[in-house]
Amino acid sequence: MEVTADEVLPEVNATAAEFLDQNEPAEEEQMERDNGGERKRESETPPEDDCCPICFSSFTVPCRGNCGHWYCGSCILQYWNYAAVSKPCKCPMCVRHITTLSPEASLQERQEQEVKEVLAKIRRYNRLFVGGLTGFLQKLKELPLLIKRMVWRMMDPDTNTLYFHEVRIFAMLMSTLYTAAEFSFIPTGGFRIVTVFDYCAIAMILILRVVGIYRRRRLAQRVRHIAAAELEPE
């Protein structure tokens, strides 16, 4: 029996189509894996044609926030200094809270002292905001750092946050410990010890703010003197 081309071609075409259908998903999966790996490699390093959104210079100790944006490690930590004391800073680009900073992988091999110091600060920052009981215990461990940050914030004339609530709670705690230990070396002048500690806390806040304003004025005077000295003819 003679077989014509018209009878063979449909079968060949059907077989070829079935073969392509079977291999197409595998090829698509392979392409997705390749693209995913390429995106992952790109995300591990900052973009080559980009700069730090804070200092607008080339990245120094580049770190990526959990939001995906890249910053200089020292820049984003300095930015955090102006955020709330016990909260993570917000990304300047997308306003998401940055709870994790991921340094560029190649930085772990760097031996410069400056790089090591920034990486140590980044690790401390990450431990503070892991959440849960671990994060709470870490905050207790880093209490001196948080208190230092709070004091600097209270001295800053540009901030409206005076932490009255937090400081008065701390004063109440101290007065409770003072009463429980049965100390009596503080003259109360007829006031309750809780009231004395409360007044002391408010006075400390006001004194810190006055000191901050004085420091700011002294710094402005020094800047004016330096500028005037540079303008004077030799």
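The values are calculated or read from the model by the stated rules, or taken from the named source; none is laboratory data. Since we're looking at a predicted model, the values are computed, not measured. All Cβ positions, even for glycine, are placed from backbone atoms using ideal geometry, and neighbour counts span all protein chains on display. Areas reflect the complete protein model, heavy atoms only, side chains present, ligands, DNA and RNA absent. Shrake-Rupley method; radii C 1.70, N 1.55, O 1.52, S 1.80 Å.
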Exercise for the section: Test Arg168 against the stated conditions and say whether it is loosely packed, with under 12 Cβ neighbours inside 10 Å and of a type in the set (Lys, Arg). Expected result: no
Problem - Any pair with Cβ under 6 angstrom, 6 or more apart, that starts in region 89-108 at a residue that is free of Cβ contacts under 8 Å to residues at least 24 places away in the same chain and ends at one that is open to solvent by 50 Å² or more (accessible area, probe 1.4 Å) and not in a strand (DSSP E or B) - result: Cys89/Tyr79
Exercise for the section: Might you let me know whether region 109-129 holds any residue that is touching a residue at least 60 places away in the same chain (Cβ under 8 Å) and over 30 Å from Glu166 (Cβ atoms)? Expected result: no
Completion exercise
Among residues of region 97-125 being under 14 Å from Tyr79 (Cα atoms) and open to solvent by 70 Å² or more (accessible area, probe 1.4 Å), the residue farthest from the chain's Cα centre (by Cα) is Lys121
Exercise for the section: Please verify whether region 77-98 includes one or more residues that are of a type in the set (Gly, Ala, Ser) and either touching a Phe, Trp or Tyr at 6+ places or on another chain (Cβ under 7 Å) or modelled with pLDDT of 80 or more (or both). Expected result: no
Fill in the blank from the handout: If we ask which residues in region 53-71 are surrounded by 22 or more Cβ atoms within 10 Å (Cβ to Cβ) and closer than 14 Å to Cys89 by Cβ, their number turns out to be 3
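Filter region 179-210 down to the residues that are of a type in the set (Phe, Trp, Tyr) and modelled with pLDDT of 80 or more and list them by number.
Of region 179-210, the ones of a type in the set (Phe, Trp, Tyr) are 183, 185, 191, 197, 199.
Selection gives Phe197, Tyr199.
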Exercise for the section: Out of the residues in region 177-234 that are in a helix (DSSP H, G or I) and of a type in the set (Asp, Glu), state the one that is most open to solvent (accessible area, probe 1.4 Å). Expected result: Glu230
Problem - Subset of region 126-142 that is modelled with pLDDT of 75 or more and either hydrophobic (A, V, I, L, M, F, W, C) or assigned to a loop (DSSP other than H, G, I, E, B) (or both) - its residue that is surrounded by the fewest Cβ atoms within 10 Å (Cβ to Cβ) - result: Leu137
Completion exercise
Of the conditions (1) touching a residue at least 40 places away in the same chain (Cβ under 8 Å); (2) out of contact with any strand residue (DSSP E or B) (no Cβ under 8 Å at 6 or more places or on another chain); (3) not in a helix (DSSP H, G or I), the single one that Cys67 does not satisfy is (1)
